[in-house]
Amino acid sequence: MRIAIASDHAAIDLKRSLREYLIERGHEVADLGPDTADRVDYPDFGYKLASVVADGTAEYGVAICGSGIGISIAVNRNPACRCALVSEPLSAALAREHNNANVMALGARLTGEDMAKACLDAFLSTEFGGGRHSGRVEKLSNPTF
């Protein structure tokens with residue numbers, strides 16, 4: 001799979017670890033930054049990640065910041081992205097199965113490395129369930145408010 005990964009300065013170590021984990025498992029990984037622990041703004045990297053998922057350059061994305069909240073909000077500004085903040089494998093699997101999430105967000109200050117890897121495995125191995133969920137997912141990208 002083609003997977004893009006991005007973070008802010010608070011999540012640089014977890015991003016590097018997950019990037020290597022994905023590469024070891026045979027995935028093609030685009031690391032969108034940052035490259036150092038110098039302070040950056042998470043929206044910039046969330047928007048960058050969203051754009052490569054939205055245009056199909058990457059099939060999936062992994063967005064990481066200190067809590068996972070800010071970067072997930074940034075990614076979700078792009079109507080082609082469905083970013084789910086997950087904290088354990090069940091939420092990661094349900095994000096794919098029920099919501100057809102194409103980006104997974106993590107909080108580096110809240111989720112340990114082993115748990116993050118388990119979330120990633122669950123997210124990438126779960127297919128969208130379709131059926132009753134399809135219409136709801138369609139509404140996520142085409143709101144009627």
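Structure summary
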read-out: Those residues of region 99-136 which are more than 13 Å from ILE64 (Cβ to Cβ) and acidic (Asp, Glu), in sequence order; value: ASP114, ASP121, GLU127
read-out: In region 99-113, residue nearest to ILE73 (Cα to Cα) [restricted to those that are surrounded by fewer than 17 Cβ atoms within 10 Å (Cβ to Cβ) and not basic (Lys, Arg)]; value: LEU110
read-out: Sole exception among (1) among the hydrophobic types (A, V, I, L, M, F, W, C); (2) touching a residue at least 40 places away in the same chain (Cβ under 8 Å); (3) within 22 Å of MET115 (Cβ to Cβ) for ALA80, by number; value: (3)
read-out: Residue in region 37-67 that is nearest to the chain's Cα centre (by Cα), counting only those that are among the β-branched types (Val, Ile, Thr) and crowded, with 16+ Cβ neighbours inside 10 Å; value: VAL62
read-out: ALA116 vs. criteria crowded, with 17+ Cβ neighbours inside 10 Å, more than 24 Å from HIS9 (Cβ to Cβ) and at pLDDT 95 or above; value: no
read-out: Count of region 73-123 residues which are assigned to a loop (DSSP other than H, G, I, E, B) and of a type in the set (A, V, I, L, M); value: 5
read-out: Unique match (being assigned to a helix (DSSP H, G or I), over 11 Å from the mean Cα position of the chain (by Cα) and among the small types (Gly, Ala, Ser)) among GLY33, GLY70; value: GLY70
read-out: Residue satisfying all of: in region 1-36; closer than 18 Å to GLY112 by Cα and without any contact (Cβ under 8 Å) to a residue 40 or more places away in the chain; surrounded by the fewest Cβ atoms within 10 Å (Cβ to Cβ) among these; value: GLU20
read-out: Any hit, region 127-135, residues being in a loop (DSSP other than H, G, I, E, B), more than 13 Å from the chain's Cα centre (by Cα) and surrounded by 15 or more Cβ atoms within 10 Å (Cβ to Cβ); value: yes
read-out: Filtered residues of region 83-113 (kept if within 18 Å of ILE12 (Cβ to Cβ) and either free of Cβ contacts under 8 Å to residues at least 12 places away in the same chain or over 12 Å from the mean Cα position of the chain (by Cα) (or both)); value: ALA108, ARG109, LEU110, THR111, GLY112, GLU113
read-out: Residues that are more than 18 Å from LEU120 (Cβ to Cβ) and among the charged types (D, E, K, R), drawn from region 52-73; value: ASP55
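The values are calculated or read from the model by the stated rules, or taken from the named source; none is laboratory data. Everything quoted here is computed from the prediction, not taken from an experiment. Heads up, the Cβs are rebuilt from the backbone with ideal geometry, glycines too, and the neighbour counts pull from every protein chain shown.
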